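Working notes, structure below.
The values are calculated or read from the model by the stated rules, or taken from the named source; none is laboratory data. Nothing here was measured: the structure is a model prediction, and the numbers come from that model. Backbone-built Cβ (ideal geometry, glycine too); neighbour counts: all protein chains shown. Protein only, heavy atoms only, side chains kept; ligands, DNA and RNA dropped before computing areas. Shrake-Rupley method; radii C 1.70, N 1.55, O 1.52, S 1.80 Å.
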Amino acid sequence: MAQLKVGARLRSAVCATEVIVVAAPAGDVDISCGGVPMLGAGEEAPNGATLDSSGEPTLLGKRYTNAAGDLELLCTKAGDGSLSLGGERLVTKDAKPLPSSD
Amino acid sequence: MNTMMLLEMAESGFGSRVAVQNGPDRLTYSELFGAASAAAGKLRASNAQKMAVLDVNSLAVPIGLFASGCAGIPFVPLNYRLTGDELERLIARIAPCYLVAEPERVSGLADLPGTTVVSREEFVASARSAGPDSAEWPMDAEDIAVLLFTSGTTGEPKAAVLRHRHLVSYIFGSVEFGSADETDAALVSVPPYHVAGVASILSSVYAGRRIVQLPAFSPGEWIDLARSERITNAMVVPTMLVRIIDALDGTGSTALADLRALSYGGARMPLPVIEKAMTLMPNTGFTNAYGLTETSSTITVLSPDDHRAAAASDDWTVRRRLGSVGRALPSIEVEIRDEDGTVLGPGERGEIFVRGEQISGEYLGAGSRIGADGWFQTRDGGWLDADGYLFIEGRIDDVIVRGGENISPGEVEEVILEDEAVADCAVVGVPDEQWGEAIVAVVVVHEGRTVTPEEIQERVRQRLRSSRMPARVEFRDELPYNETGKLLRRKVRADLVAGAGFAAASAAGGVAGAR
């Protein structure tokens, strides 16, 4: 459990998944991947953690959000685990295409 | 966050696609990633604290941009139009640095203290042939990614600071990963030392769009390349678009069949130019982008749909949006404030403030100009309409204060430009004993046409009000512009005050650049 900072990088404790926080709700939040809390910079995976592979694997470059819409994670490395926030499974967010400007 | 992470994602998502192409030379995303990693090894070994490039658009630019990020040092693209003395002073400010230069400039720069000078060819060849260094990079998002020297009209250039978190936030906020089709290709003709040049590399890499580099802009080459490389996307400054339109119009053949998206920015786009462009290229979607160096490129866009809706509308409140810079990106907030800091409502003119993760607002040695509330004061004047479309009225510093009344030069210029005899116009304030400042209009007349000072004064008096009427109208052959096509009002004013004309100092609608 920790306060999430926009721009922070989290990595899965049990698969190759890495994400960047694009938007975060205020207060402490519990982000998991593959059923195990994700790790921040310098944090080590707990002993004996195993991947819960029941959900969809993460996809490179996809944005993940919660139902409330106040959390957004961007997947920078794909992996086998699926993302969740305090037990709520995160879903991919549909891209609203912007015209390319440069 | 690090810009190299964006390239790594592209490499693992679509490594075999062509990332960048210059003439017959091309690099796939995997090759670009490998070359950037290898070049980063060279940078680390050199102990340089900055990497600079003094080059037109070449493969050295994207390799250097990502290699600098990977090595954890700032990337500093230098303006190749600067004179030897100006360059030497800038290079002295960024030493110790690793400088990649056009081959013909290497010998002239070889003896600068603290500078390792390498030719573009040598840098690219060595990066391509070396096995990739271990591709690890610092993840401190506060590290400086890019330093851009902005061309001040007075004094030494200032270095705008863009940190990795600004540039990566800009990309995350404005581009969808891998959203380009495999056949998409972006024609890049803005110079690498402009924020749009840097942004075009990052946006295209993250979208998976092939970059086709045009080393130096000419309308003929731009059109030829657009056709032969089946270009789908391009970005130009208004002066470039004018020349492209003239060239297209002259040939009678206007088709750029593959060009789906043409964006423009960097200076005010005259309405007749964009209207003509839309007529000549009916299948192309136009996007107007507004941004500053300190905002990591684009912060508002007028989309292709906005262009079409405005052009087709009989409602003048919709129609006039063709002259706006559109609406804020979803990741950006825009506010208009008055001099006391009060937030203004729709239709009220004031200063533009912006907020968002991509905003740096920082110059080297001067700290960030972002306020405690997170808002950045752009020094641009403007107003929002009821639906959030932003209209720009030029730099706040150019505002004329006449008898306590603030007058935006852009508002007066627009009215004067409606006269069909008028080709170009600059409105400035000069010191005046009675009013504090007096309005002077400097006008360029179309060849073979005439207009009197009285006619211009009368037009302004009728359309606006008498306090907006120029006290004096002067005629000139041309107005001074910087190379991105921005009118240098400060120079117009200085020359008027000095009583001098506008001699050859004018860059007369320079051909390259943006923002």
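Quick notes on this one:
- Scanning the stretch A:1-12 for residues that are more than 12 Å from chain B (Cβ to nearest Cβ), modelled with pLDDT under 95 and in a loop (DSSP other than H, G, I, E, B) returns A:M1, A:L4.
- Looking only at residues of the stretch B:1-19 that are without any contact (Cβ under 8 Å) to a residue 60 or more places away in the chain and more than 28 Å from the chain's Cα centre (by Cα), we find that the one that is farthest from the other protein chains (Cβ to nearest Cβ) is B:S16.
- For the stretch B:187-205, a tally of residues being within 10 Å of chain A (Cβ to nearest Cβ), under 16 Å from the mean Cα position of the chain (by Cα) and not in a loop (DSSP other than H, G, I, E, B) returns 10.
- Helices (runs of 4 or more DSSP H) within the stretch B:256-368 that include 3 or more residues surrounded by 15 or more Cβ atoms within 10 Å (Cβ to Cβ) and within 14 Å of chain A (Cβ to nearest Cβ): B:304-312
- Failed item, numbered, when A:K77 is tested on (1) within 14 Å of another protein chain (Cβ to nearest Cβ); (2) without any contact (Cβ under 8 Å) to a residue 60 or more places away in the chain; (3) open to solvent by 70 Å² or more (accessible area, probe 1.4 Å): (2)
- Options A:G55, A:G81, A:G61, A:G69: the member that is at pLDDT below 90 and either in a loop (DSSP other than H, G, I, E, B) or over 13 Å from A:R11 (Cβ atoms) (or both): A:G55
- Failed criterion for B:A52 (all others in (1) at pLDDT below 95; (2) more than 14 Å from chain A (Cβ to nearest Cβ) hold): (1)
- Hits in the stretch B:477-515 (condition: open to solvent by 50 Å² or more (accessible area, probe 1.4 Å), at pLDDT 85 or above and in a loop (DSSP other than H, G, I, E, B)): B:D477, B:E478
- Under the condition of being open to solvent by less than 70 Å² (accessible area, probe 1.4 Å), charged (D, E, K, R) and more than 12 Å from A:L83 (Cβ to Cβ), the residues counted in the stretch A:3-37 number 0.
- The listed residues are A:G61, A:G27, and the only one of them that is out of contact with any Lys or Arg (no Cβ under 7 Å at 6 or more places or on another chain), at positive phi and more than 11 Å from chain B (Cβ to nearest Cβ) turns out to be A:G27.
- Selection from the stretch B:462-476 of residues that are part of a helix (DSSP H, G or I), surrounded by fewer than 17 Cβ atoms within 10 Å (Cβ to Cβ) and under 34 Å from the mean Cα position of the chain (by Cα): B:R463, B:S467
- Count of residues meeting criterion [surrounded by 13 or more Cβ atoms within 10 Å (Cβ to Cβ), part of a loop (DSSP other than H, G, I, E, B) and within 14 Å of chain B (Cβ to nearest Cβ)] in the stretch A:38-52: 2
- Residue that is most open to solvent (accessible area, probe 1.4 Å) [pool: residues in the stretch B:235-255 that are touching a residue at least 24 places away in the same chain (Cβ under 8 Å) and assigned to a loop (DSSP other than H, G, I, E, B)]: B:T254
- Restricting the stretch B:206-227 to residues that are assigned to a helix (DSSP H, G or I) and within 12 Å of chain A (Cβ to nearest Cβ), the residue that is farthest from B:L65 (Cα to Cα): B:A207
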